[in-house]
Amino acid sequence: MRTQRTKLPNGMEITAARSEEATLMYGEVSAYIKHGLTLQPGAVVVDVGANIGIFSLWAYDQCDGQIAVYAFEPIPAIYHHLAANFQNIDPKCLKAINVGLSGAPGMARFAYYPNATFASTVYPDSGQADRQLTETLLARSLHQLPPYLAWVRMFPPLVRQPIIKLLARYINQRQFVTCELQTLSQVIHRHQLERIDFLKIDAEKSELDVLRGLEAGDWGKVQQIFAEVHDRDGRLQAVRDLLQQQGFQTIVCEQDPYFADTEIYAVYARR
């Protein structure tokens with residue numbers, strides 16, 4: 001298993017399969033706290049789709065270690081890094097759990113992308129669709145490519161396009177693994193959570209499944225939600241409707257310009 005040591009911008013030293021991927025994810029997580037959402041010392045945080053724990057570790061730092069985090073990552077190879085990072089930093093406050101969250105307990109077949117671990121999902125697209133999206137995003141972000149890909153900018157457009165296609169094919173190599181699923185209400189009951197101050201969901205097309213795993217009596221325990229939502233088959237509206245039905249008063253849906261013309265949106269909700 002590939003392991004690299006890397007230092008995050010906040011000074012934390014962690015392990016990752018790819019250090020450049022960890023840095024890329026770190027640059028995104030602060031955007032989860034906006035539109036009135038907050039993180040305060042003493043918060044109980046549930047991190048769904050935790051990957052190697054970048055958001056959890058950022059939240060831990062923001063709260064000066066006064067936090068209780070329950071982080072869920074189903075893919076064993078990714079979970080290995082998540083558990084190691086939590087163990088090295090503060091295993092009492094940071095709990096890594098090797099399951100995925102969904103609408104019902106069971107087992108599921110996940111697509112695992114070793115070269116882009118954050119894309120791993122129980123709802124994989126066809127290989128061609130994966131590559132097309134990656135090509136679009138690579139071409140769109142040429143001015144801000146991470147250092148390990150910055151060399152692509154050296155080539156003229158006619159040469160650059162075939163290189164982007166090859167990179168997209170490399171990035172979207174995938175394997176299939178079977179992982180355990182639990183519901184969020186099972187988690188609440190098992191860990192005796194009286195409240196969830198912040199629920200973060202970045203589960204690559206499983207976001208509505210995760211929310212449907214909350215039983216009626218547990219919804220009131222959740223105070224704030226950030227979710228990345230893939231708007232497929234009306235999923236964005238379904239998420240908004242569900243949150244409104246469950247008493248969330250402030251709901252903001254927006255799309256980062258980087259994801260323009262894609263199905264990827266951010267949803268912010270609070271009571």
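The values are calculated or read from the model by the stated rules, or taken from the named source; none is laboratory data. None of the values given here were measured: they were computed from a predicted structure. Counting neighbours? That spans all protein chains shown, and the Cβs are built from the backbone with ideal geometry, glycine included.
Summary table below
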{"quantity": "Residue match in the range 198-207 (condition: touching a strand residue (DSSP E or B) at 6+ places or on another chain (Cβ under 8 Å), of a type in the set (Gly, Ala, Ser) and in contact (Cβ under 8 Å) with a residue 12 or more places away in the chain)", "calculated": "yes"}
{"quantity": "Selected residue (only one of Ile201, Ile251 is surrounded by fewer than 18 Cβ atoms within 10 Å (Cβ to Cβ) and of a type in the set (A, V, I, L, M, F, W, C))", "calculated": "Ile251"}
{"quantity": "First in the range 6-28 and within 13 Å of Asp61 (Cβ to Cβ), second anywhere and of a type in the set (Lys, Arg), Cβ under 6 Å, 6 or more apart", "calculated": "Glu13/Lys7"}
{"quantity": "When residues of the range 6-41 are limited to those that are among the β-branched types (Val, Ile, Thr) and part of a helix (DSSP H, G or I), the one nearest to Tyr258 (Cα to Cα)", "calculated": "Val29"}
{"quantity": "Test result for Thr183, touching a Lys or Arg at 6+ places or on another chain (Cβ under 6 Å), at pLDDT 95 or above and among the β-branched types (Val, Ile, Thr)", "calculated": "no"}
{"quantity": "Matching residues, the range 42-81, being in a helix (DSSP H, G or I) and within 25 Å of Asp256 (Cβ to Cβ)", "calculated": "Ile54, Phe55, Ser56, Leu57, Trp58, Ala59, Tyr60, Asp61, Gln62, Ile78"}
{"quantity": "Residues satisfying the stated conditions in the range 164-194, i.e. in a loop (DSSP other than H, G, I, E, B) and either within 12 Å of Pro105 (Cβ to Cβ) or free of Cβ contacts under 8 Å to residues at least 24 places away in the same chain (or both)", "calculated": "Thr183, Gln192"}
{"quantity": "Qualifying residues in the range 241-251 (those that are outside any strand (DSSP E or B) and of a type outside the set (Phe, Trp, Tyr)) - the one modelled with the lowest pLDDT", "calculated": "Gln249"}
{"quantity": "Filter result for Leu82 (among the aliphatic types (A, V, I, L, M) and either under 28 Å from Phe248 (Cα atoms) or at pLDDT below 95 (or both))", "calculated": "no"}
{"quantity": "The range 219-240, residues that are within 17 Å of Ile201 (Cα to Cα) and in a helix (DSSP H, G or I)", "calculated": "Trp219, Lys221, Arg235, Leu236, Gln237, Ala238, Val239, Arg240"}
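Residue-wise test of (1) at pLDDT 95 or above; (2) out of contact with any Phe, Trp or Tyr (no Cβ under 8 Å at 6 or more places or on another chain); (3) not assigned by TED's automatic domain parsing to the domain that holds Phe55.
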position	(1), (2), (3)
Lys165	no, yes, yes
Phe198	yes, no, no
Asp209	yes, yes, no
Trp219	yes, yes, no
Gln224	yes, no, no
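Per-residue answers, yes or no, for (1) over 18 Å from Ala31 (Cβ atoms); (2) of a type outside the set (A, V, I, L, M):
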site: Asp47; (1), (2): no, yes
site: Ala50; (1), (2): no, no
site: Leu57; (1), (2): no, no
site: Val69; (1), (2): yes, no
site: Phe72; (1), (2): yes, yes
site: Ile78; (1), (2): yes, no
